[in-house]
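Before any comments, here is the structure.
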Amino acid sequence: MLSVKIASIRMKNPIMPASGTFGYGEEMADMIDISKLGAVVTKSTTLKPRKGNPPPRICEPDAGMINSIGLQNPGIDVVMQEKIPFLLKFSVPIILSISGSTIDEYVELARKVVEKDVNRLVSGLEVNISCPNTEKGGIAFGQDPKIAAKVVGRVKKAAAPNLTIIVKLTPNVTNIVTIAEAVVLAGADALSLINTVKARAKVRGMDETWLNGGLSGPAIKPIALRMVYEVAKANLGVPIIGIGGIRNTTDVLDFLECGADAVQIGTANFINYKVMIEVIDGLRAHMVEKNYSNITELKKGLKDGSER
Ligand SMILES: Cc1cc2nc3c(=O)[nH]c(=O)nc-3n(C[C@H](O)[C@H](O)[C@H](O)COP(=O)(O)O)c2cc1C
């Protein structure tokens, strides 16, 4: 009933965690039934291990959260050897988020995944060209359509035909549709949006300390909805994964109505660790109540207003 297909990835429902808010699933495995999720999206992984940024790394302005983690992760070798095999037992598609500070690093990451993943355990790569919290690379790749296309074209070549390529877009641009078009032309199989919004706030309890980082949570939901809506309206022919401030089933319905095919939930996991499971149940209950037999019907009902 809830199943969706994101490019060639079949998911039993359209709900997955947003990169960086679920680690590699190890901590969450004790708290929720990961096998109920539509897919798992890992923390963004780099070629070499990264310690991340010094503290403070998070703060809580009104209606959201600012983070500047700096892509702390154990590096692709450990992820392929230890983290991916751990996730395997849940039998959900695994989407590995990758991030580089040069184009060659992205390509090398894709090559390593193809080379080490002999049993095809990973279904797709989410190419993070939108992290605002690293000195080199990250967001800079996602802000220029030519560079974004180059990253995606080369990653696609290295990963094809094994891996679905999802490209994660930044909201910190003048026109997100221009970037979306460029990466789809370069071979992106799906788009995910949005990453965090560049922001600055004083850290509570640390009087004079300011944090520059990425804003997430309810504060960015309207921004994300507008961007999903604009990209969907451009009819690029690839699925859209909506991200930004989702806390409940109503939020998910809003994203579907604006054109998303699936969604990711990030910050809300820190406030209510059961949120993804609750939203999956809520979505199912909504569909039963309104007599929809699949997500396509639900989206149609939401769009043509027959629900209201
Ligand atoms: C603590 C934290 C760490 C994050 N780390 C990553 C990351 O490694 N890679 C990435 O693509 N996005 C990362 N994000 C961004 C989220 O995946 C998501 O795009 C963003 O937070 C918006 O969704 P939300 O409002 O539901 O949190 C991170 C967000 C937070 C709050």
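Here are a few things to note about the model shown:
- For segment 11-23, filtered to residues that are of a type outside the set (S, T, N, Q) and more than 11 Å from the ligand (Cβ to nearest atom), the residue that is nearest to Asn269 (Cα to Cα) is Ile15.
- Scanning segment 117-129 for residues that are within 14 Å of the ligand (Cβ to nearest atom) and in contact with a Leu (Cβ under 6 Å, 6 or more places away or on another chain) yields Gly124, Leu125.
- Members of segment 96-111 found to be farther than 29 Å from Pro14 by Cβ and either among the small types (Gly, Ala, Ser) or assigned to a helix (DSSP H, G or I) (or both), listed by number: Ser101, Ile103, Asp104, Glu105, Val107, Glu108, Arg111
- Pairs, first near the ligand (Cβ under 8 Å from one of its atoms) in segment 61-83, second assigned to a helix (DSSP H, G or I) and of a type in the set (A, V, I, L, M, F, W, C), C-beta under 7 Å, six or more apart: Gly64/Ala219; Gly64/Ile220
- Some residue of segment 60-70 being open to solvent by 10 Å² or more (accessible area, probe 1.4 Å), over 18 Å from Phe22 (Cα atoms), at pLDDT below 95 and touching a Lys or Arg at 6+ places or on another chain (Cβ under 9 Å): yes
- So Asp30, is it away from the ligand (no atom under 12 Å from the Cβ), open to solvent by 30 Å² or more (accessible area, probe 1.4 Å) and under 28 Å from Met1 (Cα atoms): yes
- Odd one out for Arg120, checked against (1) open to solvent by less than 10 Å² (accessible area, probe 1.4 Å); (2) under 28 Å from Asp33 (Cβ atoms): (1)
- Residue within segment 84-104 that is open to solvent by 40 Å² or more (accessible area, probe 1.4 Å) and of a type in the set (Gly, Ala, Ser) present: yes
- Residue that is surrounded by the most Cβ atoms within 10 Å (Cβ to Cβ) [pool: residues in segment 240-273 that are part of a helix (DSSP H, G or I) and within 12 Å of the ligand (Cβ to nearest atom)]: Phe255
- Evaluation of Arg154 against (1) of a type outside the set (A, V, I, L, M, F, W, C); (2) open to solvent by less than 50 Å² (accessible area, probe 1.4 Å); (3) part of a helix (DSSP H, G or I) (one fails), failing number: (2)
- Number of the exception - Gly237 against (1) in a loop (DSSP other than H, G, I, E, B); (2) surrounded by 16 or more Cβ atoms within 10 Å (Cβ to Cβ): (2)
- Of note, Ile241 does not satisfy the criterion of being touching a residue at least 24 places away in the same chain (Cβ under 8 Å), touching a helix residue (DSSP H, G or I) at 6+ places or on another chain (Cβ under 6 Å) and of a type in the set (A, V, I, L, M).
- Residue list for segment 190-218, restricted to those being over 14 Å from Leu169 (Cβ atoms), touching a strand residue (DSSP E or B) at 6+ places or on another chain (Cβ under 9 Å) and buried (at least 17 other Cβ atoms within 10 Å of the Cβ): Ala199, Ala201, Val203, Leu211, Gly213, Leu215, Ser216, Gly217
The values are calculated or read from the model by the stated rules, or taken from the named source; none is laboratory data. In this text the structure is predicted, and so the values were computed from the model without any measurement. Neighbour counts run over all protein chains shown; Cβ positions are idealised from the backbone, glycine included. Areas reflect the complete protein model, heavy atoms only, side chains present, ligands, DNA and RNA absent. Shrake-Rupley method; radii C 1.70, N 1.55, O 1.52, S 1.80 Å.
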